[in-house]
Amino acid sequence: MATGIRDRVVILGMGCSRFGERWDADAERLMVEAFGEARADAGIDASEIDGAWFSTSQEETSVGKSSVPMATALRLGYIPVSRVENQCASGTEAFRAAVYAVASGACDIALALGSEKLKDTGYGGLPQRTRGRVNDLYWANVSTPGLFAQLAAAYRAKHRVPAADLKRAMAHISVKSHDNGALNPKAHLRRRITMDAVLEAPIVAEPLGLYDCCGVSDGAAAAIVTTPEIARARGRRDLVSVKALQLSVSNGLEAQHQSWDGSYFMTTRHAARRAYAEAGIANPREQLSLIEVHDCFSITELVTLEDLGISPEGGAVADVLDGFYDADGTVPCQIDGGLKCFGHPIGASGLRMLYELYLQMTERAGERQMAREPRFGLTHNLGGAPHANVCSITILGRQAG
Amino acid sequence: MPSAVDVGIAACGAYVPRLRLSRAEVASAQAWVNPGLRPLARAERSVCGWDEDAITMAVEAARATLADRDRATIGRAYLGSTTAPYADRLNGGVVSGALGLREDAAAFDVGGSMRAGTSALLAAFDAAAAREDDVLCVAADRRRAAAATQQELVIGHAAAALVVGRGPGIARLLGHASLTVDFVDHFRAADREFDYQWEERWVRDEGYLKLVPRLVGDLLAQTGVAARDIARFCLPSPIRRVDQQVARAIGIAAERVSDPLSDGCGDSGAAHPLLMLVHALESARAGDKILVVGFGQGGDAILLEATGAPTGGAAAGVTRWLDRRASCSYPRYLALDGLVKLDRGIRAEADKGSALTAAYRHRDFLLSLTGGRCDACGTHQIPRGDICVDPDCHAVGALAPHSFAESAGRVATWSADRLTFTPDPPAYYGTVDFAEGGRLLMDFADVDEGAVDVGTPMRMVFRIKDRDPVRGFARYFWKAAPVAAEEA
């Protein structure tokens, strides 16, 4: 087995734009916001960046193809810049590429920046677009909430959970995230909500109601990474390092083979197993201090908690309702408000999650700062649909020594 | 003239969409403008779902007809309709493809009048007499009517199908006759949405009551059969009781006049004479002589004699479809038929253009739901990729074609989606697991609230997947529909 990425690369600086319906801003202005904060935090000049990766997913409604839009927006110095896209894992993919570039020695300092401008469509939800010339001929008439709602039907059937119980656990997830998001000045949705409001909200895709769905917003986030040696040479202490970077991608099994029951994410289970091995985590329920998971929908968060091995199979409903994942619980989940309150500018989300772990680990999370000192934090992205998807998992922690 | 070779109907089937429109609801809603609708305000008529048309209904009727038959025995196919969706694209070719008929079987679109169904059947008999293999004849119509017209209440949507071949089968052909006279009781110009109708009393007196007796008289003289020997008289009756009046003029007793299927269906245009024939065959006894007439610019008359051979039971009839129903309110009908323009939101603007190259490459998948079965490990899968999906196999190039169109399925996952654009929300879809293995995330059709859950048995149905309003193209694919309770 490969030796893995653990402790070879550290974060030098991070930035995050204000997320929301940024009627005032193009994608480029969001990039400048995130980059400016990251560069100031890293204490570097833009000319010190050796390579950059730019993530955006829905370029049709945003900046168009290629990396030129970011190189232009940030006036980068004719360095290598690449655009990466891997659905909702896009932001984490930019981070993965920058981290690997530093680990390989190709770059001393590398930039990962994700941005997405979703609110130029004229309607709520993700932009409607072609799924490809062949797919358009036969794919079901899906929306993203409808695809993720499929999980709920299969989960209820498998674990014999009454629909009302599952709905309550899902509602708790959203209420908890809104409680957290209310404390976050960069979040899009900053209003607390009640269980009743969630349970009585109009249905978007059975059984997902309005508050079971994350917001849709504009935003950008950035990370600047380097080696531990360079970071220390620049006087940095208490380094936050990358412990694991894993990705797992469906190969058609879930979509075509009956061995998958539709109630969980196969990719997340593969990626989690490898990530824990890479990071040296034996017991995630005990060792993880906080997690940021891909809560595009409340049901996604719920089943992911099991796929990550934190709740036992069929046990997430009880853990959620017990407050295990609340901000003051054992393993806070979405302590920043999550996709639920930040919305999901696709290319930025993975980096936005890492930004929160980084703030918590450097004790700069303000009102949201965890009481206990975080040791390991995990981010998780899930792009696509339950039956065909991309899952990325990143684990950050304190650099040894 | 009786055919030189004995030919007959080998099998029959029908299809009536499940949606029903209450005539009383329409008459009541439109009483302000047309109080004359009140006498027609009885029972319900059938209505296509947004994703049904003459092609999809024809496929369903043909599937009921072909049932377990070897489809390779069909050497020719006729489709009779005045509402075939394409003016230039072989509509019957879509039907043949969906049925998986042989590619060397000719297909003919027959249209142009209300007698298109009977004319298709005449052609099928003639073809069968000259061939070794069987001939499929299908008729289907999804006629439209302007709101608040009598036609809105009289019309229904349906399809009927017959397999015709050598030998007497379930009903032997005794003879047929035709009359071609340019009698224009109504017409629909090629570029018009709706029919233009002349006065009913003239149509009845100068049309039905003069032309049909003349036509039938020729046929009875030809075949040496007396009017009193007709056991079933199948004449669509778009004018109330005109069937009875014609029967009296011919000398056929009132009780021998077949049910015009007004209750639950309505006049299905070119399909209706054949639909009434299929209905008559459901209960026909050996020796019953059945007279079928299609009226339109003259007409066709066909005389058959039931042999008493089993017809295929309930599956092959009309009644099972009439018994299966779901209400469609008048406002919903108006929207589904495009008679009222609803605001559909920006999501509805998404381009539904189809790549004809890709559609052609995947035609067996799109038309006959053909996936594959791995020659190496036996795993069924759809779509058919180049590498087997089974994690322990991954054989390359080993998938043999396998159609799932007639496979039994069960729901593995589902949702009812109110965000995605569909003409008839919510959009139901989910993963369907097939009995032989394999699965597909697909659209559902014909779902009532609460009718699907994990484990619900489903059957495949051929439907319109998307309409492309920019280019006037409809793309077809298969959907999963709940198996009716009595079939489960």
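Scanning segment B:348-375 for residues that are more than 9 Å from every other protein chain (Cβ to nearest Cβ), surrounded by 15 or more Cβ atoms within 10 Å (Cβ to Cβ) and assigned to a loop (DSSP other than H, G, I, E, B) yields a single hit, B:Leu369. Among the residues of segment A:226-262, the ones that are out of contact with any strand residue (DSSP E or B) (no Cβ under 8 Å at 6 or more places or on another chain) and of a type in the set (Ser, Thr, Tyr) come to 1 in all.
Restricting to segment A:85-142, name every residue that is small (Gly, Ala, Ser), closer than 16 Å to A:Ala385 by Cα and in a helix (DSSP H, G or I). The answer is A:Ser90, and nothing else.
When B:Asp68 is tested against (1) touching a residue at least 60 places away in the same chain (Cβ under 8 Å); (2) at negative phi, just one condition goes unmet, and that condition is (1).
Going by the conditions given, is A:Ala182 within 24 Å of A:Leu339 (Cα to Cα), aliphatic (A, V, I, L, M) and either touching a helix residue (DSSP H, G or I) at 6+ places or on another chain (Cβ under 9 Å) or within 14 Å of another protein chain (Cβ to nearest Cβ) (or both)? It is true that A:Ala182 is within 24 Å of A:Leu339 (Cα to Cα), aliphatic (A, V, I, L, M) and either touching a helix residue (DSSP H, G or I) at 6+ places or on another chain (Cβ under 9 Å) or within 14 Å of another protein chain (Cβ to nearest Cβ) (or both). Restricted to strands (runs of 3 or more DSSP E) entirely inside segment B:396-461, those with at least 2 residues that are among the hydroxyl-bearing types (Ser, Thr, Tyr), facing chain A (nearest Cβ under 7 Å) and closer than 16 Å to B:Leu369 by Cβ are B:427-434. Annotation note: of A:Ala220, A:Ala231, A:Ala244, the sole residue that is more than 14 Å from chain B (Cβ to nearest Cβ), part of a helix (DSSP H, G or I) and over 21 Å from A:Ile299 (Cβ atoms) is A:Ala231.
Between A:Ala244, A:Ala220, the distinction of being in contact with a Ser or Thr (Cβ under 9 Å, 6 or more places away or on another chain), buried (at least 17 other Cβ atoms within 10 Å of the Cβ) and under 30 Å from A:Pro69 (Cβ atoms) belongs to A:Ala220 only.
Give segment B:392-402 a look and list any residue that's in contact with an Asp or Glu (Cβ under 9 Å, 6 or more places away or on another chain) and either crowded, with 18+ Cβ neighbours inside 10 Å or on the phi > 0 side of the Ramachandran plot (or both), or say none.
Hits for segment B:392-402 are B:Gly397, B:Leu399, B:His402.
Taking first residues from segment B:118-132 that are closer than 20 Å to B:Val212 by Cα and partners that are assigned to a helix (DSSP H, G or I), the Cβ contacts under 6 Å between residues at least 6 apart in sequence or on separate chains come to B:Thr118/B:Pro273. Among the residues of segment A:148-171, those identified as in contact with a helix residue (DSSP H, G or I) (Cβ under 8 Å, 6 or more places away or on another chain), small (Gly, Ala, Ser) and within 12 Å of chain B (Cβ to nearest Cβ) are A:Ala149, A:Ala152, A:Ala163. Report, by residue number, each residue of segment B:383-395 that is more than 7 Å from every other protein chain (Cβ to nearest Cβ), assigned to a loop (DSSP other than H, G, I, E, B) and aliphatic (A, V, I, L, M). Within segment B:383-395, B:Ala395 is the sole residue that qualifies.
Remark: B:Thr379 matches the filter, which requires a residue to be within 14 Å of chain A (Cβ to nearest Cβ), in contact with a Cys (Cβ under 7 Å, 6 or more places away or on another chain), farther than 18 Å from B:Val461 by Cα and crowded, with 17+ Cβ neighbours inside 10 Å. Residue check: B:Arg410 meets all listed conditions (1) under 19 Å from A:Asp261 (Cα atoms); (2) crowded, with 23+ Cβ neighbours inside 10 Å but one, namely (2). Segment A:296-401 holds no helices (runs of 4 or more DSSP H) entirely within its bounds that carry 1 or more residues that are more than 15 Å from the chain's Cα centre (by Cα) and not assigned by TED's automatic domain parsing to the domain that holds A:Arg273. Just give me the residues in segment A:58-84 being among the basic types (Lys, Arg) and assigned to a loop (DSSP other than H, G, I, E, B), in sequence order. Residues satisfying the conditions are A:Lys65, A:Arg75.
Just wondering, is there one or more residues in segment B:335-346 that are more than 10 Å from chain A (Cβ to nearest Cβ) and outside any loop (DSSP other than H, G, I, E, B)? Checking segment B:335-346: at least one residue is more than 10 Å from chain A (Cβ to nearest Cβ) and outside any loop (DSSP other than H, G, I, E, B). Annotation note: Cβ proximity below 6 Å between a residue of segment B:418-437 that is under 21 Å from B:Thr456 (Cα atoms) and a residue that is of a type in the set (D, E, K, R) (sequence gap 6+ or interchain) occurs for B:Pro425/B:Arg418; B:Pro426/B:Asp417; B:Pro426/B:Arg418; B:Ala427/B:Asp417; B:Tyr429/B:Asp443; B:Thr431/B:Arg439; B:Asp433/B:Arg410; B:Asp433/B:Arg439. Taking segment B:358-385 only, how many residues are of a type in the set (Asp, Glu) and assigned by TED's automatic domain parsing to the domain that holds B:Met460? The total comes to 1. Residue pairs whose Cβ atoms lie under 6 Å apart, separated by 6 or more positions or on different chains, with the first residue in segment A:109-138 and facing chain B (nearest Cβ under 10 Å) and the second assigned to a strand (DSSP E or B), are A:Tyr138/B:Phe477.
Taking A:Glu21, is it of a type in the set (Asp, Glu) and modelled with pLDDT under 95? Here the answer is no, as A:Glu21 does not meet what is asked.
For the structure I just gave you, tell me whether A:Lys158 is of a type outside the set (Gly, Ala, Ser), surrounded by fewer than 19 Cβ atoms within 10 Å (Cβ to Cβ) and outside the structural domain of A:Thr56 (by TED's automatic domain parsing).
yes
The values are calculated or read from the model by the stated rules, or taken from the named source; none is laboratory data. Remember, it's a predicted structure, so these values are computed and weren't measured experimentally. Cβ atoms come from the backbone with ideal geometry, glycine included; neighbour counts cover every protein chain shown.
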